[in-house]
1. Using the structure shown, list the pairs from A:Lys400/A:Lys459; A:Lys5/A:Lys459; A:Lys81/A:Lys445; A:Lys201/A:Lys394; A:Lys52/A:Lys437 with a Cα-Cα distance above 32 Å, or answer none.
2. List every residue whose amide H lies under 5 Å from the amide H of A:Asp364, counting only residues 5 or more places away in sequence or on a different chain, with H placed 1.01 Å from N in the peptide plane.
3. Which whole-number percent is the relative contact order of chain A (Cα, under 8 Å, 6+ apart)?
4. Give a quick list of chymotrypsin sites (Phe, Trp or Tyr not before Pro) in the stretch A:1-47 that DSSP marks as loop, anything other than H, G, I, E or B, with at most 15 other Cβ atoms within 10 Å.
5. Provide, in order from the shortest bin, the percent of all Cα-Cα pairs of chain A in each 10 Å bin, continuing until the bin that contains the maximum pair distance.
6. Please give the contour-minus-distance gain from A:Asn11 to A:Glu354: 0.36 nm per residue of separation, less the Cα-Cα distance, rounded to one decimal in nm.
7. Pull up the DSSP beta bridges for the stretch A:263-410 and report the antiparallel fraction as a percent, rounded to 5.
8. Say R0 is 22 Å: what FRET efficiency, to the nearest 0.05, do A:Arg26 and A:Asn335 get from their beta-carbon distance?
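Laboratory data are not the source of any read-out in this text; all were calculated from the coordinates shown. Nothing here was measured: the structure is a model prediction, and the numbers come from that model. Because the Cβ atoms are built from the backbone with ideal geometry, glycine has one as well, and the counts that use them run over all protein chains shown.
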Amino acid sequence: MNISKEKDFSNWFNTIISDAQLCDLRYNVKGFVVFRPWAVKTMKLMYEEYEKVLEKNGHEPAIFPSLIPEKNFDIEGEHVKGFTPEVFWVESAGDSKLEERLAMRPTSETAMYQMYSLWVRGRVDLPIKIYQSCQVWRYETKATKPFFRSREFHWIEAHDAFATKEEAEAQVEQDMQMSKQVLTEKLGIPFVFFQRPQWDKFPGAVNTFAADTLMPDGKALQLPSTHLLGQNFSKAFDVAFQNEKEEKEFVWQTCYGPCISRIYGALFCIHGDERGLVLPFEFAPLQAVIVPILGKGKDGASIIKYCQSICNILQGAGIRAKVDESENTPGFKYNYWELRGVPVRIEVGGREAEGAKATILVRDGEKKDKKEVAFDELVGHIMEEGKKLSMRLKRQADEKFANSLHEAKTMHELGEKLKLGGIVRIPFVSMENDSKKYADEIKEKFAGDVRGIKYPAEKAPSGEKCVVSGKEATCWAYVAKQY
RNA sequence: GGGGCUGUGUGCUAACCUGGUAUGCUUCCGCGUUCGGGACGCGGCGGUCUGAGUUCAAAUCUCGGCAGCCCCA
C-alpha cells in the first residue's frame, strides 16, 4: 500500500481496512460495519485470551439478554442521564406497538443488576464475578470511525459485586492488572491508566479508571476502563445481603469493559507499517504461509508435495499454516500476505525441495533478511522467530509511547507540546467538578482533553502553580488530544 | 455540535461546468502461455446510491433522503 501511517494516518487507516479486508464499510446503516474474516479471526483469539485471563481471576461467563425494559433503565439517575441520549429503542414488534419500549443494551448494568438483586441473599452469595462477551449499541452522535467508534461494538463486560468496599477497590486493581497482562504483555499495546476527572466519569460511577494508548497521529485512544461503582447501583437495584449482625447491607460493585473491536483497531494501528498489517505471532489468523515457486523446468508436483509436508509438520506443532496454491505469481503472494500481516513467509522452490530446506522471511524483515532453514529445524525456528517478532513489536511500541510523553509548565508550552502529539503532563488545580472550567479552557484553546491523574497516584506537586488557573496545583494532570 | 467534500460495474476512474449512444484500468468467469518481489494475450459477465422535480431528453441541473470521507469544536 506504501502509505506512511505517521504522515498520513487517516489515509493509511482507510486503505488498510479495505485492502487487507478487515471490514466492509458498504453496509447501509450509518455507524455499522461488516467485520470480515481476517479481522474476526484475530478478534476471536483476543476474546479467547481475555476470557482465559478473566476466568483465571475468578470470573465466570454468562449471557444476558440484549434488550432491556425501559423501566430498568430508569432506575439509576446518573446512568439514565448519561446513556439515554445514545440508546437505540425497540418500539414495536410486527404490527403492534410494544406496551413498554425496550432498549438495545448500550451496556448491561441495568440488565444484570436486577438479577444480582435476586441472586444475592447472604455473604455466601458473594462475591459475584461475572463477565459476558457480547455486542452493544450506542447511537454515537460524533463522527463514527470503524473499530474506534461504531454504533455497534464488540466487547467484554465484567460486573462484580462484593461485600466490602476494600474488595471492590482491589477488583479495580485486578482489572488493571488484567489489562496489562492482555494488552501489554500479549498484544504489545502500551498504555497508561488514568483516574478520570470527576466530570468525566462513567455515568453512575464513583470513580472511573481508563487506559489510554496513542495512535500514530499522536492522539489518545481510550482502551479498557474499569469503574468503581460503590453502592450507587446496589442501592438503586436493591442488591443487598444480610450481614453477620443480621442487618441489610448493600454490595459494593465494579464493572470493567475491554472493547475487543477497538483494541483490535489499536493493535493494527500501533504495529502496522507502510506495507500493511503486522501482527503479533500469537494473534495472527495465519502464522506461516508457504509460497511454492514453480516454473518451467521444475518438478511442480514434487515442490507442492514438499510444501504440503512442511505445512503438515507446522500444523502438527500447533502453528497456523497453509500453502498458498492460488494461481498468482510469487511476487503477488508476497505482497498479499505481507499486507495481511502474516508473521512468517516460507518460500519453497526447486532449490529448497531438493535440499530439504526452506527460505524464511519474517514479516518485519527486508528481502536481505531471508534465511535458509533446514526442514528439521523449521518448527523450532518459526516458533523462535515468532516469539522474537512479538517482542520486537512490543519493544518498538513501548519506545515510541515513552517518547510521546511530554511535560509543560505554562499554557504556551502546553499548546506547543500538544502540537507534537502524545500526552502532556501539567501541574493542575484539581480533578474535582469545580475545576472543570479550567479543563474546558484547555479544550477550547488547544483541543486537548484532561485525561486525569495517573493511577497509581503520583506524588502531588509541591510549590507548582496550575498552568491554567495559576492556583496552587494539587495534582499532575495529563492532557492529550483524543479520539 | 459546526463547516466542507463526495457518491458512476467488485474497486478505481472518464464523461458532469456546457443535459443527447457511459470511457479506460482492475476484479470476476473462460481458454492458453507464465511463476525466485504485485505476469501476459484473446474472449466474456457486469454500472450512473435513492426519491421527487425541471426537460422532448438527466450520470449531468434543482430539492429531499441515505451513506462515506475530511476539517473544526
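1. Working: A:Lys400/A:Lys459 25 Å; A:Lys5/A:Lys459 36 Å; A:Lys81/A:Lys445 28 Å; A:Lys201/A:Lys394 30 Å; A:Lys52/A:Lys437 43 Å.
Result: A:Lys5/A:Lys459; A:Lys52/A:Lys437 exceed 32 Å.
2. The list, which skips near neighbours in sequence, is empty: none.
3. Answer for chain A is 14 percent.
4. A:Tyr27, A:Phe32
5. Pairs per bin, as whole percents: 4, 17, 25, 23, 17, 9, 4, 1, 0.
6. Details: separation 343, 0.36 × 343 = 123.48 nm, distance 4.45 nm.
Contour length minus the Cα-Cα distance gives 119.0 nm.
7. Of those bridges, close to 55 percent are antiparallel.
8. 0.40
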